[in-house]
Amino acid sequence: MKTKILYNGILVSMALTLTACSQLAEQYSVEAANDTSQTLKTASTANGGVDMTRISQDALVKAPETVDCTLESGAAAKCAKIVVKHQPDNLKIGRFCPETLDDKGGVWNWDGEESGLYRIDEKFLTMLETQGYQFYDADGKVNIVDVRTTQPTENNACLSASADESVEMTILLPLSPVKADQATSLGTVAKVGLALDGVPIFADAPSVLQTGHMPALDTCGGHIDPGGWYHWHATSTDINSVFEHEHVDASCALEQKADALFAYAFDGYPIYGSVDSDGKIPTDLDACNGHTGATLENPKGGYHYHASTEFPNLPSCLNGVVAKDNFTTTAKQGIGAQGGGPGAGGPGQGLPPGFDTAATTLGVSETELLSAIMKNGGRELDTAAAAKDLGVTEAALKAALPN
């Protein structure tokens, strides 16, 4: 009997010890995580720059870290290194292309005759038909192409890429923003920033007028890159203000807050919705839609960008200096791909095969080359104008471009 009592006592003692150790370990883990979070927050907010703790855990592959980086100006700097998934957990996306004329898809900013922001539906697609763009067949079925796997064969196709859950994206953001000598214009598919939800942000998608195809956006202003990862082409948490302003029958399911911090631009400056913390649209915005003023995150005041109430509602330029190699992916193609894929935008949506080599030969980025091509005629390229924009000779451009 004494042996049994002693044995039970030992078991109880061991259980209590294990419980205490588990509680201590849990407390240590929480405290360590809080310490790390506080260290990251203190390091960033002390200089009014990027607060890495604001990036959603649903998107992160691993904890953000501070790394040494080099700015485009050549200056050494400290950057936030943030690695995110192809798409944040629990983020619902789509629809993009309607399957038939009887369906409603996402939205598209049409820049031809009768320009404006439209819901992709029968009214819009039949309007495009009158202008020579045939996106559906005789039965009303829409031409939809998965540009991650297939090249369009029709003259006009609604582009919708499938997701690749294995893709990871690495973003570098200067922790302390540095004002540039002059603003950098954000042309077609230029890199804009990283949203707090962990979704990358890019400027205008390629125009139908230039490619013949429509890379449809969902009603929150995003779509999947041909590399298989989702990204924004709008300030999604204030896009309903745009729909109201432009009288578009659409709505984004994400929480809408016009005065909230939406993202950090690639130069490290914050991007807010269309109004200041006082609820008013600022009247002193510069050409990049930015100004210096107080925010909820920085009551003392600092430079930041605002969304507009017109689509696209993103800043049109960046006033700060970005880091070199600030966006890379593990994808086989598309923007930021490192594997020699079809280049920025992917098949049917951006640069065809061979343009990545052309960009390297010319000493420019694929995004810069695509922007110059789109700006100066697309398939009917004005090579002299494009060469001037790229800072190269027309002969060099012609020699570098694939047939």
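The values are calculated or read from the model by the stated rules, or taken from the named source; none is laboratory data. Quick caveat: nothing in here was measured; it's all calculated off a predicted structure. With ideal geometry, Cβ positions are generated from the backbone for all residues, glycine too; neighbour counts draw on all protein chains shown. For the accessible areas, the whole protein counts, side chains as well, though only heavy atoms, and no ligand, DNA or RNA atoms are used. Shrake-Rupley method; radii C 1.70, N 1.55, O 1.52, S 1.80 Å.
Some points to look at:
- Rolling a 1.4 Å probe over the protein chains gives residue 54 an accessible area of about 90 Å².
- Pairwise alpha-carbon distances in region 144-261 exceed 16 Å for 68% of all pairs.
- Solvent-accessible area of region 61-148 (1.4 angstrom probe, protein heavy atoms only): carbon and sulfur portion equals 44 percent.
- Our Cα-only numbers for region 75-198 put the radius of gyration and Dmax at 19.2, 59 Å.
- Simple Cβ-charge dipole of region 151-245, Lys/Arg +1 and Asp/Glu -1, about Cα centre, in debye nearest 20: 300
- Residues with amide H under 5 Å from that of residue 168, placed H, sequence gap 5 or more: 330, 331
- Couplings for region 202-213, taken from phi via the Karplus curve 6.51 cos²θ - 1.76 cosθ + 1.60 with θ = phi - 60°, read 10, 6, 2, 6, x, 6, 4, 4, 9, 9, x, 10 Hz in order; Gly and Pro are left as x.
- Projecting the Cα atoms of 260, 321, 241 onto the charge dipole of region 236-330, computed from C-beta unit charges around the Cα centre, puts 321 farthest toward the positive end.
- Protection proxy ranking for 256-265, 282-291, using the average of other Cβ atoms within 10 Å per residue and placing the highest first: 256-265, 282-291.
- Cβ-based charge dipole, region 44-145, positive-most Cα from 49, 136, 94: 49
- Per residue, the accessible area of region 60-141 comes to 53 Å² when a 1.4 Å probe rolls over the protein heavy atoms.
- Residues whose amide H comes within less than 5 Å of that of residue 180, counting only those at least five positions distant or on another chain, are 320, 321 (H built at 1.01 Å from N in the peptide plane).
- Residues whose placed amide H lies under 5 Å from that of residue 302, excluding near-sequence neighbours: 293, 294, 295
- Couplings for region 91-99, taken from phi via the Karplus curve 6.51 cos²θ - 1.76 cosθ + 1.60 with θ = phi - 60°, read 8, 8, 10, x, 6, 10, 8, x, 6 Hz in order; Gly and Pro are left as x.
- Dipole magnitude for region 175-309: computed about the Cα centre from +1 point charges on Lys and Arg Cβ and -1 point charges on Asp and Glu Cβ, it is near 300 debye.
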